[in-house]
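Enquirer: This is the structure I have questions about; it appears just below.
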Amino acid sequence: MKVVLVHLTGLGGTQLYNAQLANALAKEGNEVTVLLGDYLYTESHFPDAAVKVVRLPMAPSYPRMLLNMVNPLMYRRILEIILKEKPDAIHATFEDSIVGALFYLCKWSGSCPRFVTEHDPAFHAGERVLKRLNFRICRLMTRRTADAIFVHGNQQKESLKSQGYPDHKIRVIKHGDYSYYAQWGEDYVTVEKSILFFGSIQYYKGLSYLIEAVPRIVSVIPDVKVVIAGSGDLSEYTSLLADQDHYEIHNRFIPDEEVAGFFQRAAFVVLPYVDASQSGIIPIAYAFKKPVVVTDVGSIPEVVDNGKTGIIVPPKDSGLLAEAIISLLQNPQLLDRMGQNAYDKMRGELSWDAIAREIIRAYRGG
């Protein structure tokens, strides 16, 4: 089967998602071409020549995206590539306004079936106006022209259905593992009383509730260390972070080669989100045999087996969050057992091999 994956913008977790899917599809014997924004290209994401990568001139800014969106030469070039490849399926692994318009052109030209992955069918609290506008424009077009939409959980499917999208066009495909980062793993020693908050600093990720939980945790475990690693504005948390003795802060974008170190050092990973669709942080944690403490939002509980691979608590409840963290820090044997369970889950139901086969069935209408 010949497949064209399209990922033109969106630096971050979706960048690796696209590459991992491309590699897995190629491993299953399919011919895979990736149309990739040039600033998204990372050589280590494509370790062999099984995937053909075509890099297109894009930039990580909304003004540049809007210019590309109204540039007919850009669409002509992309359509020429698609028509030359003669794929059996076109799959946009990240949404933007350019993809939305491209899907209309592909439908008009009589091209093959079109698929799109919506990582977040509903907007997160606190997201910027320009980002919301970009997704609204895209979805206005892709939802009318896509043969199917892929989401990462049943809660997301229900969200799409509530927005009027037909049930038969929605396919639930789990988010694949991120064992990719293990290639930089070293013999880091786990800091037994260290917990990790990892990823971009955004309101919906609920960092304030973790910070509010720290005094309660410290009262029971005085030498606890909370590691915060990710880019974003921390200014609104300045007053809450007054007690620096219990924090280690890396307020910057974390490159691929440093990710392993943060996860290997941590006893476990905390995701105190106030709303979410899913999270790529959980598959990374599982890859390093780290359990997770998460909130019951979006499709996150669908990939966490409560009491086996992690602990699920209600959102916006710093008290219960603190209790869950304390219970794990006080039980190293349980941590080890849950970490192994998490790793086994990643190797099984979250493996890219299994996901690639399921996506191929969807491409074929199965």
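Enquirer: How many residues does the stretch 75-86 hold that are among the aliphatic types (A, V, I, L, M) and either open to solvent by less than 10 Å² (accessible area, probe 1.4 Å) or modelled with pLDDT of 90 or more (or both)?
Expert: Matching residues across the stretch 75-86 total 3.
Enquirer: Taking the stated definitions as given, is Phe253 within 19 Å of the chain's Cα centre (by Cα), at pLDDT 95 or above and not hydroxyl-bearing (Ser, Thr, Tyr)?
Expert: No.
Enquirer: What number of residues within the stretch 290-301 are surrounded by 16 or more Cβ atoms within 10 Å (Cβ to Cβ) and farther than 15 Å from Phe197 by Cα?
Expert: Matching residues across the stretch 290-301 total 5.
Enquirer: Go through the stretch 298-330 and count every residue that is among the hydrophobic types (A, V, I, L, M, F, W, C) and within 17 Å of Gly13 (Cβ to Cβ).
Expert: Qualifying residue count, the stretch 298-330: 2.
Enquirer: May I ask you to say which residue of Thr33, Thr14 is surrounded by fewer than 20 Cβ atoms within 10 Å (Cβ to Cβ) and among the β-branched types (Val, Ile, Thr)?
Expert: One residue alone meets the criteria, Thr14.
Enquirer: Test Val226 against the criterion of being closer than 30 Å to Gly307 by Cβ, open to solvent by less than 40 Å² (accessible area, probe 1.4 Å) and not in a helix (DSSP H, G or I), and give yes or no.
Expert: Judged against the criteria, Val226 is a match.
Enquirer: Sticking with this structure for a sec: Being hydroxyl-bearing (Ser, Thr, Tyr) and touching a helix residue (DSSP H, G or I) at 6+ places or on another chain (Cβ under 8 Å) is the filter here, so list the residues in the stretch 9-25 that pass it.
Expert: Within the stretch 9-25, just Thr9 meets the criteria.
Enquirer: For the stretch 36-72, how many residues are open to solvent by 30 Å² or more (accessible area, probe 1.4 Å) and either at pLDDT 85 or above or closer than 17 Å to Ile82 by Cβ (or both)?
Expert: Residues flagged as open to solvent by 30 Å² or more (accessible area, probe 1.4 Å) and either at pLDDT 85 or above or closer than 17 Å to Ile82 by Cβ (or both) within the stretch 36-72 amount to 14.
Enquirer: Yes or no: Ala89 at pLDDT 90 or above, among the small types (Gly, Ala, Ser) and under 24 Å from Arg139 (Cβ atoms)? I'd like the intermediate steps shown before the answer.
Expert: Values: at pLDDT 90 or above: yes; among the small types (Gly, Ala, Ser): yes; under 24 Å from Arg139 (Cβ atoms): yes.
Taking the combined requirement at face value, the residue satisfies it.
Enquirer: Out of the stretch 171-218, which residues are over 23 Å from the mean Cα position of the chain (by Cα) and not hydrophobic (A, V, I, L, M, F, W, C)?
Expert: Answer for the stretch 171-218, where residues must be over 23 Å from the mean Cα position of the chain (by Cα) and not hydrophobic (A, V, I, L, M, F, W, C): Glu186, Asp187, Tyr188, Thr190, Glu192, Lys193, Ser194, Glu212, Pro215, Arg216.
Enquirer: Taking Val220, is it at pLDDT 95 or above and open to solvent by less than 20 Å² (accessible area, probe 1.4 Å)?
Expert: no
Enquirer: Go through the residues of the stretch 235-244 one by one and say whether even a single one is closer than 28 Å to Pro332 by Cα, open to solvent by 20 Å² or more (accessible area, probe 1.4 Å), among the acidic types (Asp, Glu) and in a helix (DSSP H, G or I).
Expert: Scanning the stretch 235-244, I find no residue that is closer than 28 Å to Pro332 by Cα, open to solvent by 20 Å² or more (accessible area, probe 1.4 Å), among the acidic types (Asp, Glu) and in a helix (DSSP H, G or I), so the answer is no.
Enquirer: If you check Leu271 against the conditions, is it crowded, with 19+ Cβ neighbours inside 10 Å, within 20 Å of Tyr203 (Cβ to Cβ) and modelled with pLDDT of 95 or more?
Expert: Answer is yes for this residue.
Enquirer: So, one more: Going by the structure shown, is Ala285 within 19 Å of Leu321 (Cβ to Cβ) and in a helix (DSSP H, G or I)?
Expert: yes
Enquirer: Going by the structure shown, is Arg361 under 28 Å from Thr117 (Cα atoms), open to solvent by 30 Å² or more (accessible area, probe 1.4 Å), out of contact with any strand residue (DSSP E or B) (no Cβ under 7 Å at 6 or more places or on another chain) and in contact (Cβ under 8 Å) with a residue 60 or more places away in the chain?
Expert: Judged against the criteria, Arg361 is not a match.
The values are calculated or read from the model by the stated rules, or taken from the named source; none is laboratory data. None of the values given here were measured: they were computed from a predicted structure. Cβ coordinates were reconstructed from backbone atoms using ideal geometry, including for glycine residues, and neighbour counts include every protein chain displayed. When the accessible area is computed, the model is the full protein with side chains, heavy atoms only, and any ligands, DNA or RNA have been set aside. Shrake-Rupley method; radii C 1.70, N 1.55, O 1.52, S 1.80 Å.
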